[in-house]
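Asker: Below is one structure. I have some questions about it.
The values are calculated or read from the model by the stated rules, or taken from the named source; none is laboratory data. Just so it is clear, the structure is predicted and the values come from calculations on it, not from any experiment. Quick reminder, even Gly has a Cβ in these numbers, built from the backbone with ideal geometry, and neighbours come from all protein chains shown. The accessibility values were calculated without ligands, DNA or RNA, using every heavy atom of the protein model including side chains. Shrake-Rupley method; radii C 1.70, N 1.55, O 1.52, S 1.80 Å.
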Amino acid sequence: MNIFAIILQRQKKLIVIFLLTIVLPSAILSVFGIMAIRNEKYRRDQQILNEQQQAVMLLKNQFSAQLKNAEALLQGTAQLPAFQNREYKLIQQQSNVSLSGNLPVDQVFILFEDGGSFFPLLQSVPDVLDYSDPVLTDSQQELLVRAWEAEFTDTDYESAGSLYEELVNQTTAYHAKAQMLNHLARVQKKSGRIVTAIRTYQRIIESYPSSLTSGRLPLPLTAEIQIIDCEQISGRKSQALESALSLYEKILGSHWNLSENQYLMYTEMVEQIIQELLDESLVNDSSGEQYDTYRVLREVHQKRVEQWKDRKLIESEIIPVLETMVLRSEYQPFHFSREIQGKDFLITVVPLSDLLCVKWDNDGLIHEWLGPIINNLLLDEQFNIMITDLSGEILLGDEGPEGDANSVTGEFDGYFPPWKIEMVRTSLTQSGIHLYESYYFWSILILLMILVFGTLLIIRTLAHEREVMAMKSEFVSSVSHELKTPLTSIRALTERLLEGKVKGHDKLHQYYSVIDQDANRLTRLVKNILDFSKMEAGKKEYRFESTDIAVWLNKTIDDFRKDHIHDHIEINKHFDPEIPSVAIDRDALAQCLYNLMDNAIKFSPKSRSVDIDLKRESEWVVIRVKDQGIGIPKEDLDRIFDKFYQGSSSIQDSVKGTGLGLALVRHTVEAHKGRIEVQSVPGKGSTFTLFIPIVHPNL
Ligand code: ADP
């Protein structure tokens, strides 16, 4: 069985205790900790989910509140006298100012109780025309024919002009008078009296704002076009451009009641005029500003074109269903939505006797209402709100990271608008981050660290145990060897003596002296071992006696020499004079010196000379044992004073020893309140220095 298996066998108990008291509880605690972390993660997820739900709820509620406010505004508007009395111009104004100006409204339309509809943002009066043909008397009719002849056949503008003038004076009917003025202005223009013509046209515009041509077109509108033409003819280009822009704005503002086709025709006509004038006046300074005005107006125009298209859809798809809804709504305002040609038509209806309806501007709802609400929710960056329509198209916000499970969806109250609110938590908040914030995480980490630390400690203990065991077995074999050598020698010599083979006084003396030397060596060895065991048991006692160190040291060295009389050693003494007496345990300290000198010789295979210094250094008596031997490697220096420790070189060179010598020296010196130091250069030699206090502190 190898040594490690033996240790395991011996330390079974320790290992079992370690497993039961540290490993098992750590494992159990870790499992609980991991479970706790998972619970905490779940709780946090739940909390975030709640936050998300709350945010969605808040968004819904704020939107609903805004819609309610709008509803109130609509109700208030519907109750205005203008609406009640069907004053179309006023209705148009109100729709433009209080509705379209305050709310994200795209279209306003009124369904009259008695049938028919009115779209005040597109037209100034409903499609019911109160037009009657101009009534001319026979003589007036005759006059008119003569005037035409003069104008178109004879091109006699002079007489045509006076005929038309007469007609103007004679006619009384509103439209007829306006039409005659129009004829008059035309010939004035043809005859080159431009300024007069402009004046006549202006008269039509100011005095007959609602007049119509025989072809049912607004007369003032054609008059305005003529004025622009006149201005162009007379070379007042910038004036013409200004007039054209103002006309364009009037058409867009539904100043006149036009049908969709008329609207398109006139806008196209005016756009063409403006375009030409702009091209011509590129050099002109003011054209930049006018160009900007034109661009803005063109955008309004685009919107109007859309609105005209939507109006048709509203008429065909929305209005028919609306009627049935009103019955059910019991005159409460209500909202509904319908998808027509891929567009969401969001309608709010305020039913009074007539129905005031609003088609919301979807972009306006998104950017003017929802956008600011979302911004005001003050969400963390990790949250991402997205509004999508039924087809899944994103209306607001960005798409969150792919595959994120933590999203909460919600709908608007009453599915109005019929869009989906989606709240996504971005990957930044994946629970990984929270792990480090968890109390349990750190507990487990600390536990694992303790576990690792404990395991290392156990391994260290086992390794140390193993080393001690190895040292002990080494010690036993060293001691046996140390005992065997002198014993073998003694036995061989005594055998020869007993056999009587040794003759002569000198020879006998030599034999006895070798036996004595070996016996002394054995005695010292046994004494070393006994002292060591006493020392280990803490029973070693010292007897201090005041001693003349020089005398004592001399004697010790002499004794040592005697014991090594056959080893041919040379001991050089360097004693300072006047070394004071010091209280020491003579035997114990002598044994120390023996050990040091023994080592000095043992580890000096070439040189047999040892130097011994005795000095006084301030409060200390210093004894130095210096050799020129093999020296001690640096890595051994710290350990040579440990029990059983034998240096690597001594093991390599199989030098005899027990590893007890220096351990004993240190113990003894320390008992004297002194210390031992060593300096050594491998290959050059070593110096051991004993410091003994002159005044023993405890004596
Ligand atoms: P031992 O001499 O019985 O082996 P020691 O405790 O006296 O035990 O010495 C421990 C070790 O210190 C020795 O094995 C040796 O390696 C080293 N050592 C001691 N003294 C000397 C010395 N004078 N020169 C070289 N090495 C020494």
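Asker: Taking the range 564-578 on its own, how many of its residues are open to solvent by less than 20 Å² (accessible area, probe 1.4 Å) and at pLDDT 90 or above?
Answerer: 1
Asker: Does residue 193 satisfy being open to solvent by 50 Å² or more (accessible area, probe 1.4 Å), basic (Lys, Arg) and touching a residue at least 24 places away in the same chain (Cβ under 8 Å)?
Answerer: On the way: open to solvent by 50 Å² or more (accessible area, probe 1.4 Å): yes; basic (Lys, Arg): yes; touching a residue at least 24 places away in the same chain (Cβ under 8 Å): no.
Spelling it out, it is not the case that residue 193 is open to solvent by 50 Å² or more (accessible area, probe 1.4 Å), basic (Lys, Arg) and touching a residue at least 24 places away in the same chain (Cβ under 8 Å).
Asker: Criterion first (closer than 17 Å to residue 677 by Cα and β-branched (Val, Ile, Thr)) does residue 582 satisfy it? Let's see the steps before the verdict.
Answerer: Details: closer than 17 Å to residue 677 by Cα: no; β-branched (Val, Ile, Thr): yes.
So residue 582 fails the test.
Per-residue answers, yes or no, for (1) open to solvent by less than 60 Å² (accessible area, probe 1.4 Å); (2) farther than 13 Å from residue 103 by Cβ; (3) within 43 Å of the chain's Cα centre (by Cα):
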{"residue": "333", "(1), (2), (3)": "yes, yes, no"}
{"residue": "341", "(1), (2), (3)": "no, yes, no"}
{"residue": "356", "(1), (2), (3)": "yes, no, no"}
{"residue": "372", "(1), (2), (3)": "yes, yes, yes"}
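Asker: Determine, yes or no, whether residue 572 is touching an Asp or Glu at 6+ places or on another chain (Cβ under 6 Å) and more than 17 Å from residue 617 (Cα to Cα).
Answerer: Numbers: touching an Asp or Glu at 6+ places or on another chain (Cβ under 6 Å): yes; more than 17 Å from residue 617 (Cα to Cα): yes.
Yes; evaluated as a whole, the condition is true for this residue.
Asker: Being closer than 30 Å to residue 424 by Cα and in a helix (DSSP H, G or I) is true for just one of 365, 297. Which residue is that?
Answerer: Numbers: 297 fails: closer than 30 Å to residue 424 by Cα.
Only one candidate passes the filter, namely 365.
Asker: Can you work out which of the residues in the range 654-668 that are in a loop (DSSP other than H, G, I, E, B) and near the ligand (Cβ under 9 Å from one of its atoms) is modelled with the lowest pLDDT?
Answerer: Of everything passing the filter in the range 654-668, 655 is modelled with the lowest pLDDT.
Asker: Sticking with this one: Say whether the condition of being in contact with a Ser or Thr (Cβ under 6 Å, 6 or more places away or on another chain) and touching a residue at least 40 places away in the same chain (Cβ under 8 Å) is met by at least one residue in the range 261-277.
Answerer: Here is the first cut: in the range 261-277, the ones in contact with a Ser or Thr (Cβ under 6 Å, 6 or more places away or on another chain) are none.
No, because not a single residue in the range 261-277 is in contact with a Ser or Thr (Cβ under 6 Å, 6 or more places away or on another chain) and touching a residue at least 40 places away in the same chain (Cβ under 8 Å).
Asker: Can you find even one residue in the range 600-622 that is near the ligand (Cβ under 6 Å from one of its atoms), over 27 Å from residue 576 (Cβ atoms) and outside any helix (DSSP H, G or I)?
Answerer: no
Asker: For the range 630-641, name all the residues that are part of a loop (DSSP other than H, G, I, E, B) and either more than 8 Å from the ligand (Cβ to nearest atom) or at positive phi (or both).
Answerer: Selection gives 631, 633, 638, 639.
Asker: Pick out the one residue from 302, 226 that is out of contact with any Lys or Arg (no Cβ under 9 Å at 6 or more places or on another chain), open to solvent by 30 Å² or more (accessible area, probe 1.4 Å) and part of a helix (DSSP H, G or I). Outline the logic, then answer.
Answerer: On the way: 226 fails: out of contact with any Lys or Arg (no Cβ under 9 Å at 6 or more places or on another chain).
Just one listed residue meets the conditions, 302.
Asker: Confirm whether residue 693 is touching a helix residue (DSSP H, G or I) at 6+ places or on another chain (Cβ under 7 Å), farther than 26 Å from residue 484 by Cα and either more than 11 Å from the ligand (Cβ to nearest atom) or open to solvent by 20 Å² or more (accessible area, probe 1.4 Å) (or both).
Answerer: no
Asker: What are the residue pairs meeting all of these: first residue in the range 592-616, first residue more than 18 Å from residue 482 (Cβ to Cβ), second residue away from the ligand (no atom under 12 Å from the Cβ) and of a type in the set (Phe, Trp, Tyr), Cβ atoms under 9 Å, and 6 or more apart or on different chains?
Answerer: Close Cβ pairs satisfying both conditions: 593/560; 612/575; 613/575; 614/575; 615/575.
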